[in-house]
Amino acid sequence: VGETDMRKINVLNYPVFLGDSSWNEFDVFLEPSLSSGQVFILTDFNTRELCLPVLTKHIPRLADRPVFSILPGEDSKDISTLEEVWHWLMDSGAIKSSLIVNLGGGVVSDLGGFAAATFKRGMNYVNLPTSMIGQVDASIGGKTGINISHVKNQAGVFYDPLAVFIIPEFLKSLPGEHLRSGMAEIIKSAILAGGNAWEMLKKHVLSGSDHFNDLICETVNFKCRVVADDPYDLSSRQILNFGHTIGHGLESFFNRHHHVPWLHGEAVAAGMICEAFLSHEMIGLQEKELNEIAGIIKSFFSLKPLDRKSYGEVWNLMDLDKKRTVDGLTFSLIKETGMPVTGISSDRKDIYRSFDHYNMMIQK
Ligand SMILES: NC(=O)c1ccc[n+]([C@@H]2O[C@H](COP(=O)([O-])OP(=O)(O)OC[C@H]3O[C@@H](n4cnc5c(N)ncnc54)[C@H](O)[C@@H]3O)[C@@H](O)[C@H]2O)c1
């Protein structure tokens with residue numbers, strides 16, 4: 001997506017605009033709410049400082065609208081911050097037809113979407129994602145919610161935004177580690193989509209390019225198609241869990257035990273190496289692709305080893321809400337790139353072997 005190139009994806013119940021030149025569309029979209037004075041902007045403190053000026057530079061009339069900012073980070077995705085947002089909306093005179101503009105990463109869009117879904121039994125919102133994870137994943141698909149006692153996404157609803165505007169210009173101020181964290185979702189999407197998307201990613205790695213717009217565009221299109229086929233995550237959307245079942249276990253484990261916790265993307269990257277191994281063992285993913293996947297992941301992430309003594313604890317932390325059998329878990333795996341398969345059971349022994357494989361691969 002270049003400066004002048006703008007796309008509109010129309011496969012969902014709401015439009016997804018993509019490209020640095022979507023500003024005009026955003027301006028037009030805002031017009032009715034702006035002229036009735038009914039726009040409310042939610043940010044975190046980082047995006048207030050770094051992204052709000054970009055927004056008001058393009059749409060100066062937003063400069064005098066009420067802004068509420070939450071503390072940056074996952075801890076803000078909780079009930080007390082949600083309550084603060086509700087109070088802010090109430091105190092600033094928001095009504096059912098008001099519009100919340102979620103200007104931030106996945107935390108702002110998950111929390112702001114949930115606030116919109118619940119305030120006055122549902123008001124309007126629009127996502128203006130500013131992080132890589134926000135742009136390629138969290139802003140699309142209508143999943144909103146909060147954590148309960150740090151357990152992720154325990155309360156929430158599906159509630160669609162009126163529109164999503166993905167504007168890569170915002171990424172200019174995003175710290176490198178958060179840009180990298182979003183790469184895990186881009187890699188996952190390319191593995192699941194296969195074909196052109198997978199080739200494009202491999203070329204990107206070979207060229208060492210730091211231009212991400214084409215990859216963002218490919219990933220957003222893929223997410224939109226998957227969500228359109230199964231908006232409520234009842235069947236085919238579950239392919240998107242690839243890497244996440246083990247990834248969530250690793251994320252919780254490292255959050256618990258290390259001073260510098262793993263970013264979501266790092267955990268998903270490690271989870272994908274493990275789950276590619278399960279794919280090889282259970283449904284015949286070829287060794288060549290197994291190694292290629294690990295190679296691509298390692299070109300973006302330097303991953304930490306997992307101590308054998310910790311395997312049991314990671315197992316216990318793995319997606320407790322997913323369908324868990326007595327001694328096994330259900331996975332979304334890949335038969336080859338571009339050929340995802342859902343509902344594959346693996347037992348604890350297989351999963352421990354996937355950790356062994358992971359430790360071996362990251363040291364290679
Ligand atoms: N709803 C969904 O479908 C979905 C999908 C994936 C992830 N998520 C959720 O998204 C969250 C993770 O998203 P995230 O990584 O965006 O987290 P985040 O919102 O915490 O953003 C990461 C960090 O980047 C900062 N930031 C964001 N944009 C910036 C910019 N342009 N310039 C400078 N700093 C910027 C934020 O302040 C924060 O410190 C998790 O809570 C996850 O559960 C939701």
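Tell me, which residue of the range 24-55 that is crowded, with 16+ Cβ neighbours inside 10 Å and among the β-branched types (V, I, T) is farthest from H264 (Cα to Cα)? In this case the residue turns out to be V39. Where helices (runs of 4 or more DSSP H) sit wholly within the range 6-83, those with at least 2 residues that are within 11 Å of the ligand (Cβ to nearest atom) occupy 45-50, 52-58.
Restricting attention to the range 342-364, the residues being of a type outside the set (A, V, I, L, M, F, W, C) and in contact with a Ser or Thr (Cβ under 9 Å, 6 or more places away or on another chain) number 6. Among the numbered conditions (1) at pLDDT 95 or above; (2) in contact with a His (Cβ under 9 Å, 6 or more places away or on another chain), the only one that V126 does not meet is (2). The single condition from (1) in contact with a Ser or Thr (Cβ under 8 Å, 6 or more places away or on another chain); (2) under 24 Å from E31 (Cα atoms); (3) buried (at least 24 other Cβ atoms within 10 Å of the Cβ) that V136 fails is (2).
Considering the range 140-222, there are no qualifying strands (runs of 3 or more DSSP E) wholly inside with 2 or more residues that are out of contact with any strand residue (DSSP E or B) (no Cβ under 7 Å at 6 or more places or on another chain) and more than 10 Å from the ligand (Cβ to nearest atom). If you go through the range 85-123 and keep only what is touching a Leu at 6+ places or on another chain (Cβ under 8 Å) and either at pLDDT below 95 or outside any helix (DSSP H, G or I) (or both), you end up with S98, L99, I100, V101, N102, L103, G104, M123.
Taken over the range 115-133, the criterion of being crowded, with 24+ Cβ neighbours inside 10 Å and either more than 9 Å from the ligand (Cβ to nearest atom) or among the β-branched types (V, I, T) (or both) is satisfied by A115, A116, Y125, V126, N127, L128, T130, I133.
Residues that are of a type in the set (A, V, I, L, M, F, W, C) and in contact with an Asp or Glu (Cβ under 7 Å, 6 or more places away or on another chain) within the range 166-183 comprise just one, I167. Selection over the range 217-273 of residues that are aromatic (F, W, Y) and modelled with pLDDT of 95 or more gives a count of 3. Among residues that are part of a loop (DSSP other than H, G, I, E, B) and either under 30 Å from I95 (Cα atoms) or more than 10 Å from the ligand (Cβ to nearest atom) (or both), D137 is not included. Residues in the range 246-254 include at least one that is farther than 20 Å from F331 by Cα, of a type outside the set (D, E) and in a helix (DSSP H, G or I).
Condition check for G195 on (1) at positive phi; (2) within 16 Å of the chain's Cα centre (by Cα); (3) surrounded by fewer than 18 Cβ atoms within 10 Å (Cβ to Cβ): one failure, at (2).
The values are calculated or read from the model by the stated rules, or taken from the named source; none is laboratory data. Nothing here was measured: the structure is a model prediction, and the numbers come from that model. We place every Cβ from the backbone using ideal geometry, glycine too, and count neighbours over all the protein chains shown.
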